[in-house]
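Visitor: The structure that follows is given in the form of structure tokens.
The values are calculated or read from the model by the stated rules, or taken from the named source; none is laboratory data. Note that the structure is predicted; figures quoted are calculated from it, not measured. Positions of Cβ are generated from backbone atoms using ideal geometry, with glycine treated the same way; all protein chains shown enter the neighbour counts.
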């Protein structure tokens, strides 16, 4: 797994892919957090990162599938997937190596945004006047949400040798699990609405953003990642026979 992980990580950072994704991500989040009049912290007047945490999942819809679309689709296109099967690595090692490389790239972008928190922490009146617990919970939610989206991207990349198709399907599934289920739940009321909405990644993420890291939210987000990684395994297993 380590060799696959290092190979994919090197592929990201030896080309413009990782730098482009991280750079554009930081530009968008920076503009929303510090510049745009309807969302920037300076005009809002409160030590709060709410606009950043609201925007980031929607940016993930585009950036994560863009980062993962080539992981298996490109292997199928150039015919190197069969070559990988001859190596002394299992399918799970292959999947997890690619998964952790993509997840670490997204995580690097998130870590760089911690400067937003430190800046607001210092700008608060008094200094430190920010809900740190909520920030920690929201960041934990973003890391877990990124993992879920990366696993979805890997699954869609395992379905086709066309990167564009993998990107579109990956984006559609991410939108469905985050926003689609939440919007669908609004058609109902009472307990039915609650149960359907609970399946939404948006609900799980927002729950963590309240500052209480509930094991149920963590388990659900991890379960989504495991489910799609397992689906990838089944698809690749069928291709390897």
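Visitor: Does residue 229 count as buried (at least 19 other Cβ atoms within 10 Å of the Cβ) and farther than 30 Å from residue 84 by Cα?
Guide: Considered against the rule, which asks whether it is buried (at least 19 other Cβ atoms within 10 Å of the Cβ) and farther than 30 Å from residue 84 by Cα, residue 229 comes out as no.
Visitor: Go through (1) closer than 21 Å to residue 17 by Cβ; (2) within 18 Å of the chain's Cα centre (by Cα) one by one and return the number of the condition residue 165 breaks.
Guide: (2)
Visitor: Shifting gears a bit: Going by the conditions given, is residue 94 modelled with pLDDT of 80 or more and either under 18 Å from the mean Cα position of the chain (by Cα) or crowded, with 22+ Cβ neighbours inside 10 Å (or both)?
Guide: Yes: the conditions hold for residue 94.
Visitor: Could we say that residue 208 is surrounded by 17 or more Cβ atoms within 10 Å (Cβ to Cβ), under 25 Å from residue 115 (Cβ atoms), touching a residue at least 60 places away in the same chain (Cβ under 8 Å) and out of contact with any strand residue (DSSP E or B) (no Cβ under 6 Å at 6 or more places or on another chain) here?
Guide: Taking the combined requirement at face value, the residue satisfies it.
Visitor: Got at least one residue in region 177-197 being crowded, with 17+ Cβ neighbours inside 10 Å and touching a residue at least 60 places away in the same chain (Cβ under 8 Å)?
Guide: yes
Visitor: Here's another thing I want to ask about it. Enumerate the helices (runs of 4 or more DSSP H) found wholly within region 129-227, keeping only those where 3 or more residues are farther than 30 Å from residue 76 by Cβ.
Guide: 132-157, 181-185, 190-198, 201-208
Visitor: Something else about it: For residue 15, indicate whether it is under 24 Å from residue 126 (Cα atoms) and either surrounded by 14 or more Cβ atoms within 10 Å (Cβ to Cβ) or at pLDDT below 90 (or both).
Guide: Taking the combined requirement at face value, the residue does not satisfy it.
Visitor: Sticking with this one: Taking region 115-145 as the search range and keeping residues that are within 15 Å of residue 30 (Cα to Cα) and touching a residue at least 24 places away in the same chain (Cβ under 8 Å), which one is surrounded by the most Cβ atoms within 10 Å (Cβ to Cβ)?
Guide: That would be 120.
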